[in-house]
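The values are calculated or read from the model by the stated rules, or taken from the named source; none is laboratory data. Everything quoted here is computed from the prediction, not taken from an experiment. Cβ placement follows ideal geometry from the backbone for every residue including glycine, while neighbour counts extend to all protein chains displayed. In case anyone asks, the SASA skips ligands and DNA or RNA and just uses the protein heavy atoms, side chains included. Shrake-Rupley method; radii C 1.70, N 1.55, O 1.52, S 1.80 Å.
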Amino acid sequence: MINQIEHICVLGLGYIGLPTASLFATNGFSVTGVDVNPFVVETINRGDIHIEEPGLQAVVQAAIDAGSLRARMAPVAADAFIIAVPTPVTPSKLADLKYIRAAANAIVPLLRPGNLVVLESTSPPGTTANLLADLLSESGLVAGRDYHLAHCPERVLPGKILQELIENHRIIGGYTPKCAELAWALYGSIVSGEIHLTDATTAELVKVMENTYRDVNIALANELAMIAEHLGADAWEVIRLANLHPRVNLHSPGPGVGGHCISVDPWFIVEQAPEQARLIKLARTINDHMPHVVLGKLKELLRGVDQPKVAVLGVAYKGNVDDTRESPALEVVRGLKEAGIDVCIFDPHVRECEFELCDVETTLSGADVLVLLTPHNEYRFLDPDAVAKLVRRTVLVDCQNFLSHSQWRASNFKIASLGDGPRYAAVA
C-alpha cells in the first residue's frame, strides 16, 4: 500500500511537525508543510529552522535543497495528511482543541477517497474516533470506508527528537484495523523501532498515560521535598538512599512541571474521567503548586532586604532546550514581579520570552539571590568566585540540585534547595 502515498501534507511545523515532515521528505516522499505563522514558513523555505533541536537544521536544509519539502500557509491536496498542531488546555484545565478543529476544516475541501489522515497531536481519548471523524465527515466521505483515519502519537524527548522519531517504539491506533495497517505502512518507511497497532482511542490513552506516569511520580518527589523541609530532613539524601533499594526509583523534586506534554496531558484524562482520575488530578495540583513553594522560599530569603533583586537562571521548561511552554520558571518570575521584586533573567537557549532576557553579567550584577530554575549545562561553567564579585549577597537557591554546592560554598555562598530541611534565616 505504501506506493499509493507519494505526497504528504503536514499541518503544524513546530517541535513535532517539522522534524516529522523533514524525515519523510528525506526518505522519498514529497512533503508540503503547513503553518499559519509566515515567519515559520519563510524560515523553513530558506533552509533554516525556528526551533532549537540538534541535527534538525541539516535535515531541513537537505530536504529543501532536494526540493522534497516546501512550506506553505495553507494545505494542498495530498495522498496523506498528518495533523501535528498544539493541543493546549484552557485556564479551567479543559482541552482546547481549536487547532485540531481548524486543521480538520482546512483538510475537508481537499479530502479524496483513499486518503490517509493521521492525528499526531496529543489528544483526549476519543478525539480521533469522535471529534475528528465527525469534522471530516463534512467532506461527504466516511472514515474507514472512503478514507483512512488513524492516531499516531509522538513519543519523543526534546533534544533527541530526530533520533527518537526513528528509533522509539511507535503506537498506531486506527479507526479500523485497515486504517491502522495503512498508517503502519507509511510510518514504517521512517521508523526503525517496533510499530504496535491498536485502536485510536487506546493509542490516545497510551500517550496521555505515559506522561501522566511521569507527572504522578514527580508529584511524589515534590511532596517528599515539602515533607522533608517540614521534618528537617534532606530530601535529596532520602532519594539517594531510598533508590539503593532494587525496586525503588524516586524521581527528583523541582520548581514544577512544564512543557506541552507532562504538564498538560493528565488534564485530558481528568476531563474525560473526573470521578476516576482522583490521584492524577491531585498530582497535577501538587506540581502546579511548586512555583509558589519556590516563591515562598525566595521571599523568606529576601525578608528585610531593601530594593531586592533576584537573578534567574533559566526560564525554559527543561534543561538544554529553548522551549518555554508551560514553564514553571515563568510562573516564578511572574510572582516575583507581582511582589515588586526586581528580576533579571539569563537563559542561553531561550530566544523569545514574555519577559526581558539579559546577558549573564547584567543578570548577576547587584543580585541578592541567585535562583537556578532550569538545569542548562552552561550554568555548570559559572565561576562562583567571579559571581561573588558581581552579586550584592552570596545566596544561591538551586531548585534542581544541579550545581556543585561544595564549590559554591567555598566561595562563601549560602545554598538553599527544595527539600533541604531547616530553612535559612533571612539574608538581610
Q.
Report every pair of residues separated by at least 6 positions or lying on different chains whose Cβ atoms are under 8 Å apart, first residue within the range 312-323 and closer than 12 Å to residue 373 by Cα, second open to solvent by less than 20 Å² (accessible area, probe 1.4 Å) and among the aromatic types (Phe, Trp, Tyr).
A. 313/379; 314/379
Q) Any idea which residue in the range 79-113 is nearest to residue 326 (Cα to Cα), counting only those that are touching a strand residue (DSSP E or B) at 6+ places or on another chain (Cβ under 9 Å), among the charged types (D, E, K, R) and touching a residue at least 24 places away in the same chain (Cβ under 8 Å)? A) 79
(Q) Contact list please: Cβ distance under 9 Å, first residue in the range 181-199 and under 17 Å from residue 10 (Cβ atoms) and free of Cβ contacts under 8 Å to residues at least 40 places away in the same chain, second residue open to solvent by 40 Å² or more (accessible area, probe 1.4 Å) and part of a helix (DSSP H, G or I), pairs at least six apart or on different chains. (A) 191/166; 191/167
**Q.** Residue, most open to solvent (accessible area, probe 1.4 Å), within the range 120-140, restricted to residues that are out of contact with any Ser or Thr (no Cβ under 9 Å at 6 or more places or on another chain) and outside any loop (DSSP other than H, G, I, E, B)
**A.** 138
(Q) For residue 72, only one of the following conditions fails: (1) farther than 30 Å from residue 159 by Cα; (2) surrounded by fewer than 18 Cβ atoms within 10 Å (Cβ to Cβ). What is its number? (A) (1)
Q: Could you check, for the range 306-324, whether at least one of its residues is part of a strand (DSSP E or B), closer than 30 Å to residue 14 by Cα, among the β-branched types (Val, Ile, Thr) and modelled with pLDDT of 95 or more?
A: yes
Q: Sort out which residues of the range 1-34 are under 26 Å from residue 348 (Cβ atoms) and not hydroxyl-bearing (Ser, Thr, Tyr), and write them in order of number.
A: 13, 14, 16, 17, 18, 19
**Q.** Breaking point among (1) under 26 Å from residue 268 (Cβ atoms); (2) more than 25 Å from the chain's Cα centre (by Cα), for residue 74
**A.** (1)
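Only one of 323, 368, 347, 398 is within 23 Å of residue 228 (Cα to Cα) and either within 19 Å of the chain's Cα centre (by Cα) or surrounded by 15 or more Cβ atoms within 10 Å (Cβ to Cβ) (or both). Can you tell me which? Let's see the steps before the verdict.
Values: 323 fails: within 23 Å of residue 228 (Cα to Cα); 368 fails: within 23 Å of residue 228 (Cα to Cα); 347 fails: within 23 Å of residue 228 (Cα to Cα).
After applying the criteria, what remains is 398.
Looking at residue 155, is it in contact (Cβ under 8 Å) with a residue 40 or more places away in the chain, open to solvent by 30 Å² or more (accessible area, probe 1.4 Å) and part of a loop (DSSP other than H, G, I, E, B)?
yes
Okay, residues lined up against (1) of a type in the set (S, T, N, Q); (2) open to solvent by 30 Å² or more (accessible area, probe 1.4 Å); (3) under 25 Å from residue 191 (Cα atoms):
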position: 5; (1), (2), (3): no, no, yes
position: 17; (1), (2), (3): no, no, yes
position: 29; (1), (2), (3): no, no, yes
position: 37; (1), (2), (3): yes, yes, no
position: 40; (1), (2), (3): no, no, no
position: 50; (1), (2), (3): no, yes, yes
position: 57; (1), (2), (3): yes, yes, yes
position: 83; (1), (2), (3): no, no, yes
Q: Starting from residues that are touching a helix residue (DSSP H, G or I) at 6+ places or on another chain (Cβ under 9 Å) and under 30 Å from residue 113 (Cα atoms), keep the ones in the range 85-96 and report whichever is most open to solvent (accessible area, probe 1.4 Å).
A: 86
Q) Among (1) of a type in the set (D, E, K, R); (2) within 19 Å of residue 17 (Cβ to Cβ); (3) in contact with a Leu (Cβ under 9 Å, 6 or more places away or on another chain), where does residue 170 come up short? A) (3)
Q) Does the range 100-138 hold any residues that are farther than 24 Å from residue 264 by Cα and among the charged types (D, E, K, R), and which are they? A) 112, 134, 138
(Q) Restricting to the range 142-161, give me the number of residues that are aliphatic (A, V, I, L, M), modelled with pLDDT of 95 or more and more than 18 Å from residue 123 (Cβ to Cβ). (A) 1
Q: Scan the range 261-270 and give yes if some residue there is crowded, with 17+ Cβ neighbours inside 10 Å and hydroxyl-bearing (Ser, Thr, Tyr), otherwise no.
A: yes
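For every residue, the table says whether it meets (1) buried (at least 16 other Cβ atoms within 10 Å of the Cβ); (2) of a type outside the set (Val, Ile, Thr).
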site: 142; (1), (2): no, no
site: 164; (1), (2): yes, yes
site: 171; (1), (2): yes, no
site: 183; (1), (2): yes, yes
site: 200; (1), (2): yes, yes
site: 206; (1), (2): yes, no
Q) Out of the residues in the range 222-254 that are polar (S, T, N, Q) and either in contact with a Pro (Cβ under 9 Å, 6 or more places away or on another chain) or within 22 Å of residue 292 (Cα to Cα) (or both), which is most open to solvent (accessible area, probe 1.4 Å)? A) 252
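Just name the residue that is farthest from residue 317 (Cα to Cα) out of those in the range 28-76 that are polar (S, T, N, Q) and part of a loop (DSSP other than H, G, I, E, B). Let's see the steps before the verdict.
Applying the first criterion (polar (S, T, N, Q)) to the range 28-76 yields 30, 32, 37, 43, 45, 57, 61, 68.
Cutting the leftovers down to part of a loop (DSSP other than H, G, I, E, B) gives us 37, 68.
Details: 37: 23, 68: 33 Å.
Looking at residues that are polar (S, T, N, Q) and part of a loop (DSSP other than H, G, I, E, B), I get 68.
For the range 283-291, indicate whether the set of residues that are open to solvent by 70 Å² or more (accessible area, probe 1.4 Å) and either modelled with pLDDT of 95 or more or assigned to a loop (DSSP other than H, G, I, E, B) (or both) is non-empty.
Looking only at the range 283-291, we keep the residues that are open to solvent by 70 Å² or more (accessible area, probe 1.4 Å), and these are 285, 289.
Right, trim to either modelled with pLDDT of 95 or more or assigned to a loop (DSSP other than H, G, I, E, B) (or both) and you get 285, 289.
Looking for residues that are open to solvent by 70 Å² or more (accessible area, probe 1.4 Å) and either modelled with pLDDT of 95 or more or assigned to a loop (DSSP other than H, G, I, E, B) (or both), one finds at least one in the range 283-291, hence yes.
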(Q) Looking at (1) open to solvent by less than 10 Å² (accessible area, probe 1.4 Å); (2) in a loop (DSSP other than H, G, I, E, B); (3) not β-branched (Val, Ile, Thr), which one does residue 21 not meet, given that it meets all the others? (A) (2)
